[in-house]
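The values are calculated or read from the model by the stated rules, or taken from the named source; none is laboratory data. These figures come from a predicted structure and were not determined experimentally. Methodologically, a virtual Cβ is constructed for each residue, glycine included, from the backbone with ideal geometry; neighbour enumeration extends over all protein chains shown. Only protein heavy atoms, including side chains, enter the accessible area calculation; ligands, DNA and RNA are left aside. Shrake-Rupley method; radii C 1.70, N 1.55, O 1.52, S 1.80 Å.
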Amino acid sequence: MFDEQFEKRADEILARYPRRESAVMPLLHLVQEREGYVSLAAERWVAEKTGVSPAHVHGVVTFYTMFRTERHGKYVLHFCTTVSCMLRGVDHLLAHAKEKLGIEVGETTPDGLFTILTVECLGSCGTAPVVQVNDDYYEDMDIERLDALLDALAAGKEPPFPPGPGPRRVLVEGD
Amino acid sequence: MEKVLTRNVGIEGSRTIEVYRKRGGYETLAKALKMDPDAIIEEVKASGLRGRGGAGFPAGVKWSFMPKEPTPERPNYLVCNADESEPGTFKDRVIIENDPHLLLEGCLCSAFAMRASRVFIYIRGEYTLGAKVLERAIGEAREAGFVGEDILGSGWSCDIVVHRGGGAYICGEETALMTSIEGKRGNPRLKPPFPAQFGVYGYPTTINNVETLSCVPFIIERGASWFASIGTDERNTGPKLYGVSGHVKNPGVFELPMGTELMEIIEEHAGGMLREGKALKAVIPGGSSTPVLRADECRGLRMDFDSVAKAGSMLGSAAIIVMDETTDMVAVMERIAHFYAHESCGQCTPCREGTGWIEKILRRIRRGEGTPEDLDVLDQVAANMQGITVCPLADAAAMPCRSFLEKFRDEFEHYVRHGRSPVAAG
Ligand SMILES: Cc1cc2nc3c(=O)[nH]c(=O)nc-3n(C[C@H](O)[C@H](O)[C@H](O)COP(=O)(O)O)c2cc1C
Ligand code: SF4
Ligand code: FES
């Protein structure tokens, strides 16, 4: 189902493990990285590669929240709403994003660009609130930075600042 | 205190093996490989090093449960727990992203002491940057001969594999973590058998936290008595990473002696309260599963395993969440309840149902539809979840709930009576 180069990467991953079945999750990550989600066909491919049943793979996919069974927007915005981010005003940030993009949590904008999701603590509590855009952590977020980021992405431009911590803010709305 | 675990943080190129070696890195591994593995275990025991993952179990004692003569058919394994998912916790990430070779050297020294031939580093799936940094570091270490066959001519071989999680808090629990490495859903299993007898693939396995393993090279290099000289007493030793978040001016990870006073950490290191003139109200001392402390309970409290336990809470992952007087404690508890309901793996009824009930009742109270009886029901549900499940997640959900209710009862009652929080913002 995949090209030779991809199959080779999969085989390299398999070779790292003493037992094939350990490669189920790494292969699912690999597939999702490429396709944006895990299709039923991909589940069967992973099952074949690792020697477990397709039902087993499906069970794994549905257990772990990071695996998706359908396509999301080009940019998935994960808002951490757990305690430390809550204390530092993520609710305002999330409300702002929903209004700006005109979608609710779990929805994708009609142009297929943005999906909003809420997630549990991302391990970035010291630079809260954090918004993870696809894989990247944008930390110390406030409405101004979020606007700048979303506007750039919507315009097909590079993000205006790199992922990671932002300028240390003393106080913003919602803190 | 001199920086130990974080001494390379902020140094240009700290992720590279060149810089790490220039600063003395991997010399301890060479030293360790010439030692008797059991002597290393004894040294770690004597250092008083206790697990930094949450439970505080003495590392050397845990290591001594591993078989002394593993065979190729039944090898010993070491797992590094880099799942870091307890809300409020962000300390291991500092080591992983800034000083990956320190973690690798810690893993290798520890694996050698336990005669382990393989190390799995289980890193939470969201830490994609961390996983990449580790992969690159392992490649460098392999090229330099520190990972792989016959390491530094010692005759000992060891491989390191980074295994990414998939966004499930429960996989930080050691048996769930091992199940996850085996390519399955991350359901915890009953202990015994303990991992040292029956771990990954049924092989003897030891699981330690990132910070725990990162302490090991320093113990070997400088000696157990140096390590034990830092901290409160012989049961609470070594340098410690404290993560401070919430209502402080300067949140972050601070490396300080084990047992540093909580108020010193908040006021001096974390810059004091975020908003001028707003008083401290409460602190969660060790991640969201540890019982909350009122401001008056924080004064004079040393942040070590035994002192925090004596104060009725737990050091946990030393993830200090600070809340000022404007905080709606019922809202915070609802958020915590949501987390545990979301993360319960569902295989034990008291946990699956209990975490859901707690969340539902709190949600009702927050909507202004709670009754005075709800408060007692909440406490009963939480009490009935404790100590009877396969893994401690149910306790992790029950403990904060009961402590919030006990210590901020007036706020819950105000909610039930008036349908809103007594704090101004509510
Ligand atoms: C629900 C649950 C979640 C846990 N999450 C983590 C975690 O994210 N990281 C960690 O190091 N330990 C975690 N632990 C503790 C581990 O089970 C284990 O005790 C620890 O990794 C052992 O390492 P240590 O002895 O070095 O602390 C968790 C425990 C439970 C019950
Ligand atoms: S206590 Fe909860 S998380 Fe732990 S095994 Fe039981 S259901 Fe799963
Ligand atoms: S609470 Fe949001 S990153 Fe930890």
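Compared with its chain on its own, region A:22-39 contains the following residues whose accessible area drops by 40 Å² or more in the full protein assembly (probe 1.4 Å; ligands, DNA and RNA excluded): A:S22, A:M25, A:H29.
Using the Cα centre as the reference, give the magnitude of the dipole from point charges on the C-beta atoms of region B:329-425 (Lys, Arg: +1; Asp, Glu: -1; all else neutral), rounded to the nearest 20 debye.
Working: 12 positive and 14 negative charges, 59 e Å.
Around 280 debye, computed over region B:329-425.
The H on the amide N of A:V119, modeled in the peptide plane, is under 5 Å from the matching H of A:F79, A:C80, A:T81, each at least 5 residues off or on a different chain. Convex hull volume per residue, computed on the Cα atoms of the protein assembly as shown, equals 149 Å³. For region A:1-99, build the charge dipole from Cβ charges (+1 Lys, Arg; -1 Asp, Glu) around the Cα centre, then report which of A:F63, A:V38, A:F2 sits farthest towards its positive end. Selected residue: A:F63. For B:H163, the amide hydrogen comes within under 5 Å of the amide hydrogens of B:I121, B:Y122, B:I123, counting only partners 5 or more places away or on other chains and with H modelled in the peptide plane. For region B:47-115, chymotrypsin sites (Phe, Trp or Tyr not before Pro) meeting the loop criterion (DSSP other than H, G, I, E, B) and having at most 13 other Cβ atoms within 10 Å: B:F65.
Of the GluC sites (Glu not before Pro) found in region B:1-79, those in coil by DSSP whose Cβ has at most 10 other Cβ atoms within 10 Å are B:E2, B:E12, B:E73. Using a 10 angstrom cutoff on alpha carbons, build the Gaussian network for chain B and name the most mobile of B:L213, B:L274, B:L177. It is B:L274. Taking H placed 1.01 Å from N in the peptide plane, check which residues at least 5 places from B:T237 or on another chain put their amide H under 5 Å from its amide H. Residues meeting the criterion, in which the H sits 1.01 Å from N, are B:R50. What would the Debye formula give as log10 I(q)/I(0) at q = 0.16, 0.24, 0.26 Å⁻¹ for the alpha-carbon point model of region B:236-324, no solvent? Normalising to I(0) and taking log10 leaves -0.51, -1.22, -1.45.
Taking every Cα-Cα distance in region B:287-426 and sorting them into 5 Å bins starting at zero, the pair-distance distribution P(r) comes out as 2, 11, 20, 22, 19, 15, 8, 2, 0 percent.
First obtain the Kirkwood hydrodynamic radius of region B:73-154 from its Cα pairs, then insert it into the Stokes-Einstein equation at 10 °C and 1.306 mPa s, and state the resulting D in µm² per second as a whole number.
Values: Rh = 13.5 Å.
This corresponds to a translational diffusion coefficient of 118 µm²/s.
Helix-only estimate, please: 222 nm mean residue ellipticity of chain A, summing -39500 (n - 2.57) across DSSP H runs of length 4 or more and dividing by its residues, to the nearest 500. Don't skip to the answer; put the middle values down first.
Values: 7 runs with 75 residues, N = 175.
Roughly -13000 deg cm²/dmol at 222 nm, from the helical runs in chain A.
Taking each pair of distinct Cα atoms in region B:176-237 once, what is the resulting Kirkwood hydrodynamic radius in Å?
When all Cα pairs of region B:176-237 are included, the Kirkwood radius is 14.0 Å.
Would you mind giving the average projected area, over all directions, of the Cα convex hull of region B:167-307 in nm² with one decimal?
Details: hull surface 43.4 nm².
Averaged projected hull area, Cα only: 10.9 nm².
Scaled to the globular estimate 2.2 N^0.38 Å, the Cα spread of chain A, given as radius of gyration, is 1.18.
How long are the semi-axes of the equivalent ellipsoid of region A:80-161, taking √(5λ) for every eigenvalue λ of the Cα gyration tensor, in whole Å from largest down?
20, 14, 11
All C-alpha to C-alpha distances of chain B, sorted into 20 Å bins beginning at zero, yield P(r) values of 26, 55, 17, 1 percent in whole numbers.
Largest mean-square fluctuation among A:L77, A:L93, A:L30, in a Gaussian network model of chain A whose springs join Cα atoms under 10 Å apart, belongs to A:L30.
The 3J(HN,Hα) values that the Karplus relation (6.51, -1.76, 1.60; θ = phi - 60°) gives for region B:10-27 are, in residue order, x, 7, 4, x, 5, 7, 8, 5, 4, 5, 4, 6, 4, 8, x, x, 6, 5 Hz. Gly and Pro appear as x.
Between A:L101, B:T389, B:F254, the Cα set farthest toward the positive side of the dipole of the protein assembly as shown (charges on each charged residue's Cβ, about the Cα centre) is that of B:T389. For region B:365-409, the set of trypsin sites (Lys or Arg not before Pro) satisfying both a DSSP loop assignment and a count of at most 11 other C-beta atoms within 10 Å is given as B:R367.
Before rounding to the nearest 500, sum -39500 (n - 2.57) across all DSSP H runs of length at least 4 in chain B and divide by the residue total; then give [θ] at 222 nm in deg cm²/dmol. Rounded to the nearest 500, the figure is -12000 deg cm²/dmol.
Each label was represented as a point 7 Å from its Cα along the Cα-to-Cβ direction; for A:E48 and B:I11 these points are 5.0 nm apart.
Just checking the listed ones, B:A270, B:A111, B:A311: in the Gaussian network model of chain B with Cα springs under 10 Å, the one fluctuating most is B:A311. Entry note, region B:17-229: relative contact order of 30 percent, from Cα contacts under 8 Å with a spacing of 6+ residues. With no solvent and one point per C-alpha, what does the Debye sum give as log10 I(q)/I(0) for region B:314-366 at q = 0.16, 0.17, 0.18, 0.21 Å⁻¹? Log-scaled intensity ratios, in q order: -0.58, -0.64, -0.70, -0.85. Averaging the Cα positions of each part gives two centres, and for region A:1-48 and region B:359-377 these lie 46 Å apart.
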